[in-house]
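See structure below.
The values are calculated or read from the model by the stated rules, or taken from the named source; none is laboratory data. Everything quoted here is computed from the prediction, not taken from an experiment. Positions of Cβ are backbone-derived with ideal geometry, glycine not excepted, and every protein chain shown enters the neighbour counts.
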Amino acid sequence: MAQLDKLIEKLQPGQEVILEPGAAPLLKSNGAFVPLLNQELTVQQVVGLIREVAPPDAAATIANNKPTVFEYTAFGKTIVISFSVEGKGVLARVFVGARKADGPLGAPLAGEPEINGLLRKMCQLGASDLHLTSGHKPMIRLHGDMSELPDLPPVKTEKMAPLLEAILPPHNAEQFAKTHDTDFAYEIPGLARFRANVFLDRFGMGAVFRQIPIEIVTAEKLGLSKEVLDLCYLSKGLVLVTGPTGSGKSTTLCALVDFINRHRKDHIITIEDPIEFVHQKKNCLINQREVHVHTQSFSQALRAALREDPDIVLVGEMRDLETIAIAIETAETGHLVFGTLHTTTAASTVDRIIDQFPADRQAQIRTMLSTSLKGVISQTLCKKTGGGRVAAMEVLFVNSAVSNLIREGKIYQIPSTMQTSKKSGMTVLNDALFKLVCDKVVSPEEAYIKAVDKQAFAAALKSKSIFLKLEGIEE
């Protein structure tokens, strides 16, 4: 009997065994996790358990530290084993299932929608996004770069509609018929959730799927500082996580909510479009509402939240003046509010909020914001030198000095105040990027591309005898 068999002997459909270094083997069943052993696994043990039952080609792939998916028969069941590489670690997921007869690797399991095969292949390769365009080969974003899914033909235009319509919720099908684009969440149990956008372009119907891991990424795993985590203990105020699309805002917010869920005993309401990470009750009661499914709009749900006895409210996107105004009001009236904006720096975040309002209201908003805003985390994702991606975070805490600058409209002075407040945990983006370069996590060229003040960043690199190798950049 293989060593893995002892862990999967009683595995049932819908359940999953998760093997990860630094943790005991876990059985996931109905959203709950049950340890199967009292000892933590090492990387070598996880690899050994999987290689022992892998066919030769999969075993060779694992030996080369590359992801793979294969089938294994035990106890009269077909077991699907997914092995992936995450940074310097590995992750193995084991569940009951089978691909369609004679189907290629990445084909859907029997009885599944056809799209699941592509999504499984995407997850197997460790990609963050799957891109589908009519008449083109499926493409993925892997470690920030776009590439074609290997060994797959183009998706024919006439095949795209049935492929996507098979998983479109009824509301989204109606919305797509009217507006030619729609957002929704989709889940493959035991594998991952996906944030999906279906659209129409000159080639026909298309879609993008963003992978959302089923497991919550903890604040500790993200390496969030103590000063950032202290924001989770506030009784009221506004905390913003900002950055461009695809910068990891949802992951950071998820980690903050999870931290509160583990360390406080409160009521959390999240308002999202769509719901991405699913939070289970730990110490907090969590109500997650999806716009267009459970409520008509962010602003309507935010107004309703004030009558639902919340302690913490998460607003997935502060898209318009009304939502921003209610969020500030909610933060002022004794609630802790988390929100997101698509701004790149802390100072530009403050400017963006104020500029949303008419000129005759901006003085009032500056005063309200100076007391209600507690912190801004502005982040961008960088490619790591060894593969994968890492967030560079600019962090602003609104102390008395920053509060005065907001009230007086001197937003341009905020970066200088952040520079002189490093001991309190504040960090400007250039410094965060510079540290990643010095720690050899990110290349100087990648950090330079992500820097907002590129001239100052290049000068900082040069002062440490770090020279850029980018065309058009003279040292």
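Results, tabulated for the structure shown:
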| quantity | calculated |
| --- | --- |
| Those residues of the stretch 1-35 which are closer than 17 Å to TYR72 by Cβ and surrounded by fewer than 18 Cβ atoms within 10 Å (Cβ to Cβ), in sequence order | MET1, ALA2, GLN3, ASP5, LYS6, GLU9, LYS10, GLN12, PRO13 |
| Flag for SER297 being surrounded by fewer than 22 Cβ atoms within 10 Å (Cβ to Cβ), touching a residue at least 60 places away in the same chain (Cβ under 8 Å) and either among the polar types (S, T, N, Q) or within 30 Å of PHE176 (Cβ to Cβ) (or both) | no |
| Out of THR345, THR340, THR323, sole residue that is of a type in the set (Ser, Thr, Tyr), over 21 Å from LEU231 (Cα atoms), surrounded by 21 or more Cβ atoms within 10 Å (Cβ to Cβ) and in contact with a strand residue (DSSP E or B) (Cβ under 7 Å, 6 or more places away or on another chain) | THR323 |
| Candidates GLY237, GLY246, GLY206, filtered to the one that is outside the structural domain of PRO138 (by TED's automatic domain parsing) and within 26 Å of LEU168 (Cβ to Cβ) | GLY246 |
| Residue count for the stretch 414-466, restricted to those that are over 22 Å from THR349 (Cβ atoms), of a type in the set (Ser, Thr, Tyr) and either in a helix (DSSP H, G or I) or within 23 Å of the chain's Cα centre (by Cα) (or both) | 3 |
| Tally, over the stretch 80-128, of residues that are touching a helix residue (DSSP H, G or I) at 6+ places or on another chain (Cβ under 6 Å), modelled with pLDDT of 65 or more, buried (at least 20 other Cβ atoms within 10 Å of the Cβ) and not assigned by TED's automatic domain parsing to the domain that holds GLU20 | 1 |
